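Peer 1: One structure, pasted below without further comment.
The values are calculated or read from the model by the stated rules, or taken from the named source; none is laboratory data. From a predicted model like this one, the values you see are computed outputs, not experimental measurements. Note: ideal-geometry Cβ built from the backbone for every residue, glycine included; neighbour counts use all protein chains shown.
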2 protein chains.
Amino acid sequence: MIKKWKTLERKQLARTPIFGLDVVLRDPPFEADPASFYVVDLQSWINVFAYTDDDEIVLIRQYRHGTDSITLEIPGGAIDAGEDPLDAAKRELYEETGYKAKSWESVGVVEVNPAIQNNSCHTFVAHGAYLAGEPEPDEHEDIEVELHPATELPEMIKDGRITHSLVVAGYALVVLNSKPQ
Amino acid sequence: MIKKWKTLERKQLARTPIFGLDVVLRDPPFEADPASFYVVDLQSWINVFAYTDDDEIVLIRQYRHGTDSITLEIPGGAIDAGEDPLDAAKRELYEETGYKAKSWESVGVVEVNPAIQNNSCHTFVAHGAYLAGEPEPDEHEDIEVELHPATELPEMIKDGRITHSLVVAGYALVVLNSKPQ
């Protein structure tokens, strides 16, 4: 029977604009000395599979600083403090692409990385997406919006055009949980 | 046309046993001042969908320090420096569960988190998995091995028994890429 460890102490080692780095001292539930573990402290995230009435999906191309590469992804971002995940999804879709949608569906939540991160990612489907205005990217965001036939999504994952783990996980959630509208 | 930023300087701000925290100064490919970004520097990872000849999947239950919770996952871990991803998959499956397998299949690679992390995760399928010895967990690893009918995997993701994003992404890769053996 696996048991939780007991947290004895937690403190922040470093802070960046996006995340903190915490060290946590924990006492194991078995015979061993307490030990320190390191946790990347983040707001939870949302991402959005937005489909137009022509069954196209709204994708974004952007430069990513973690991998130092240009990626093709779905819109997404961090939930603001106190913000509802669905509101964050609507906000990020509009800010990054200028799209709004007629109806929204939640298809699931994953834990991004239970070993070293404390946040979740909520995946939404936006149905009847339509261009409603100009994107409002954050400073330093340089985003190109691309529409692709939604039926190509599995092929884009298979051939490596889409490689972001949270987009691939979100695709599984859409297939498993999205209801016909 | 999205372009890459130019890296002007990179230095390590902090180092933990598992990952580093780097700050990278980059010059944008558009009219703006250089800016600093923060990257979690990690070895790449592997994870394994191991199926027995009775079509059961080998899962592990363990306490996770990032989320401070007990999770149900597939075996996995970090690739050692210079290690082949497949060798890492074989090693981690055995160390965490005591299982070996008759044949192995690579089903794809995802980038874990292009925004703030620099590593990938390789997903493998192990066919004909069998108990070959005693697990050899790392210090501080307390792992319970569980066999579940492989057909229950989608249901376990749907109902939230499995929530790790890389397991959910790996499941999508298995469905899209695994070949009948």
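Peer 1: Determine whether B:T123 is out of contact with any helix residue (DSSP H, G or I) (no Cβ under 7 Å at 6 or more places or on another chain), in the same structural domain as B:L153 (by TED's automatic domain parsing) and among the β-branched types (V, I, T).
Peer 2: No, not satisfied.
Peer 1: Further question: Please go through segment B:59-96 and give me each residue that is hydrophobic (A, V, I, L, M, F, W, C), away from chain A (no Cβ under 14 Å) and touching a helix residue (DSSP H, G or I) at 6+ places or on another chain (Cβ under 8 Å), ordered by number.
Peer 2: Within segment B:59-96, just B:I79 meets the criteria.
Peer 1: List the number of the failed condition for A:G66; all other conditions in (1) free of Cβ contacts under 8 Å to residues at least 60 places away in the same chain; (2) outside any strand (DSSP E or B); (3) under 20 Å from B:V39 (Cα atoms); (4) outside the structural domain of A:A132 (by TED's automatic domain parsing) hold.
Peer 2: (4)
Peer 1: From (1) under 20 Å from A:A172 (Cα atoms); (2) within 18 Å of the chain's Cα centre (by Cα); (3) not aromatic (F, W, Y), pick out the condition that doesn't hold for A:H148.
Peer 2: (2)
Peer 1: Right, here's the next one. Tally time: how many residues in segment A:80-112 are in contact (Cβ under 8 Å) with a residue 60 or more places away in the chain and buried (at least 18 other Cβ atoms within 10 Å of the Cβ)?
Peer 2: Residues that pass the stated criteria total 4.
Peer 1: Right, another one. In this structure, does A:Y99 turn out to be in contact with a helix residue (DSSP H, G or I) (Cβ under 9 Å, 6 or more places away or on another chain), under 26 Å from B:I2 (Cβ atoms) and either aromatic (F, W, Y) or more than 13 Å from every other protein chain (Cβ to nearest Cβ) (or both)?
Peer 2: Against the criterion (in contact with a helix residue (DSSP H, G or I) (Cβ under 9 Å, 6 or more places away or on another chain), under 26 Å from B:I2 (Cβ atoms) and either aromatic (F, W, Y) or more than 13 Å from every other protein chain (Cβ to nearest Cβ) (or both)), A:Y99 qualifies.
Here's the yes/no breakdown for (1) more than 14 Å from chain B (Cβ to nearest Cβ); (2) crowded, with 17+ Cβ neighbours inside 10 Å:
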| site | (1), (2) |
| --- | --- |
| A:V125 | yes, yes |
| A:G133 | yes, no |
| A:D138 | no, no |
| A:I143 | no, yes |
| A:T151 | no, no |
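Peer 1: Which residue is farthest from A:V107 (Cα to Cα), if the candidates are limited to segment A:1-52 and must be under 24 Å from the mean Cα position of the chain (by Cα) and assigned to a loop (DSSP other than H, G, I, E, B)?
Peer 2: A:T16
Peer 1: Got at least one residue in segment A:130-152 being at pLDDT below 95, on the phi > 0 side of the Ramachandran plot and assigned by TED's automatic domain parsing to the domain that holds A:A172?
Peer 2: yes
Matching residues to (1) more than 10 Å from chain A (Cβ to nearest Cβ); (2) farther than 23 Å from A:L21 by Cβ:
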{"position": "B:K3", "(1), (2)": "no, yes"}
{"position": "B:T7", "(1), (2)": "no, no"}
{"position": "B:L13", "(1), (2)": "no, no"}
{"position": "B:T16", "(1), (2)": "no, no"}
{"position": "B:L21", "(1), (2)": "no, no"}
{"position": "B:L25", "(1), (2)": "yes, no"}
{"position": "B:P28", "(1), (2)": "no, yes"}
{"position": "B:E31", "(1), (2)": "yes, yes"}
{"position": "B:V40", "(1), (2)": "no, no"}
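Peer 1: Being closer than 23 Å to B:A14 by Cβ and buried (at least 16 other Cβ atoms within 10 Å of the Cβ) narrows it down to one residue among A:L21, A:L25; which is it?
Peer 2: A:L21
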